[in-house]
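Student: Below you'll find the structure I mean.
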Amino acid sequence: MRKAILVPCLLLGLAAGWTLQADPPNAGGKTPPLADQERIQKLIEQLGSKRFADREQADKELATIGPAALELLRRAAQSPDAEIKRRADKLVSRLEQQALTVEMLAPRRVRLTVTDVPVKEAVAELARLSGYKVELAGEQAGLSDRKITLDTGAVTFWEAVEQLCRKAGLAEQVNAAQHPVPFGQGAGGVVTIKIAIRAKGAAQPIVPAALPAGRPTSAEGPLVLTDGKQPELPVCHAGSVRIRVLPADRVKGGSPIPAGETQLVLEATAEPRLQGFRVVGTALVDRAEDDQGQTLKTALDPRADLAGPGNPFNGGNVVGGGGIAVVNGKVFVNGIPQGGDTLLSGPAQRTVPVRLKLGEKAAKSLRELSGNLIVQVLKDGDVLVEVDNILKAAGQTTQGKDGRAIEVQAVERLGNGDVKIQVALAKPAAPNPFGGLGGNVIIRGNVVINGVQVGGANAGSSLEWPRLLDAKGQAYLLAEVSGQNNAVNNGQLTHRATLLYRPVKGQEEPARLVLYGQRPVTLFVPFSLKDVPLRSAQ
């Protein structure tokens, strides 16, 4: 049996050699010391030099300084000098993306230390330390008498999960809704709606995607562990994202592998704090070398024209499989720009195939497979509604931005420290983009009631629930959502539910309930995998 290949994944700089840190200095563009400011300002002036070599050198040095130069570069982007303005503007975009990537991929670190405790208690302790939902599946008779002793050391959340699984004889429960399912087939609790509705003026019928049955699946759902053996797979820990190679030679529902090629399936799983996480399009492979020293090419190279190997933000145009395109650092999927206000709908995809052309010499494994995955996540934006003094807010309605409001119907503090809050969230219902469709229908996961769109495949998930914060701004864990129902009245959508919040380690008293606006952002997640078994066409 092969042992799990644990590869600590160094997040190489997309442009300037930066590495991922838990708390990156100046990641948000904080004001650097005066001496550094003077150096940055001189380099900015050098961007307008008459000599091309000087301009290029200044550009490279500012990129190396990184997000610490952002404040002065933003000012320079308004410069009357056209060359300084152009170069500063490009650097700002590049460094803002770099800072965002470092922020979103910074891992949560824990140290799980238990001595001769039941497995159930060890799982509960990991949930407490991380602040994430980690549960055992159902009643595990085989675990009732099983005890473990474990000290993980200070590790990332995913490393702690893997150590716990190996020590306790546990395995992660596979969520079928997070993997590709062919249209027209139901699997793992997925229901396919077999209808086609032609919108007014549309050239093609609108075909709905497969919808999860019952509670929608989201990245914020619990990590469920079950009695069993965790598969030993090549793995890369890219901060808050874990990337593994699944033992499959084809994607479910995919076409057979042609002769002379091989196919791998990469699975990306994010920490629950990365809301709305999904893989977008194809993997961008930088290097694939087999155990015979042969460099393998992708069967369909998604970045053949991308300027600057290993640097997806260096400009250039590339079109790949699955309708994905990267144009000057901007990602488009089926013609829709990603990372702005566009959020992909449908079940969140966690896997992506990588098809490679085999070399002339027979090989059994890849020494190295590296590149980037393009993913989409939701990032908190402005505060839309904020309810202060939440423990005494029962019966109050608080108005916020954009027609939003929170009515706190009841607040109960439970004996174990949990806080149960009944809320009614109000917001203007989105207009129906399909025009003239009355009654109740589901179109591509969008629920339309009497011509008003009231939600999508993620409606009712935790993506739009308010956060319960303590006085320090630390969020309680949203442990359960129950009693949900929607109502539409005069263009206003009201969503009622009972929210159960759970304190995490070091949590103070609940202070306020906050609903944030969220925007989708696109990230490039670097991966580097070693000793990956190869499978050729059958």
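Student: Return a single number: how many Lys pairs in the range 34-105, at a sequence separation of 8 or more or on separate chains, have alpha-carbon atoms below 15 angstrom apart.
Tutor: 5
Student: Within 10 Å of each residue's Cβ, count the other Cβ atoms and sort THR282, THR295, THR226 from fewest upward.
Tutor: THR295, THR226, THR282
Student: While we're here: Near the amide H of LEU225, under 5 Å away, which other amide H atoms are found, from residues 5 or more places off or on another chain, if H is placed in the peptide plane?
Tutor: Sorted by chain and number, the residues that satisfy this are GLU135, LEU136, ALA137, GLN173.
Student: Set the Förster distance to 25 Å, then compute FRET efficiency between ARG166 and LYS505 from the Cβ-Cβ distance, nearest 0.05.
Tutor: 0.60
Student: Sort TYR501, TYR476 so the one with the fewest other Cβ atoms within 10 Å of its own Cβ comes first.
Tutor: Listed from fewest to most nearby Cβ atoms, that is TYR476, TYR501.
Student: Tell me, what HN-Hα J-couplings in whole Hz come from the Karplus equation 6.51 cos²θ - 1.76 cosθ + 1.60 at θ = phi - 60° for each residue of the range 93-107, using x for Gly and Pro?
Tutor: Each residue of the range 93-107 in turn: 4, 5, 6, 5, 5, 4, 5, 5, 5, 4, 4, 6, 9, 5, x Hz.
Student: What aspartates and glutamates sit close enough to LYS167 to cross-link, taking a C-alpha to C-alpha distance under 17 Å and skipping anything fewer than 8 places away on the same chain?
Tutor: Answer for LYS167, where 17 Å is the Cα cut-off: ASP116, GLU121, GLU125, GLU135, ASP145, ASP151, GLU159, ASP227, GLU232, listed by chain and number.
Student: If you don't mind, another one. Under a 5 Å amide H to amide H cut-off, with H placed in plane at 1.01 Å, what residues pair with GLU261 once short-range neighbours are removed?
Tutor: Distant-sequence amide H within range of GLU261: LEU358, ALA537.
Student: Among HIS237, HIS495, what is the fewest-to-most ranking by other Cβ atoms within 10 Å?
Tutor: Placing the least packed residue first, the sequence is HIS495, HIS237.
Taken together, the values in this text are just the output of simple stated rules run on the coordinates, not laboratory data. These numbers come from a predicted model, not from an experiment. Every residue, glycine as well, gets a Cβ built from its backbone with ideal geometry; the counts of neighbours run over all protein chains shown.
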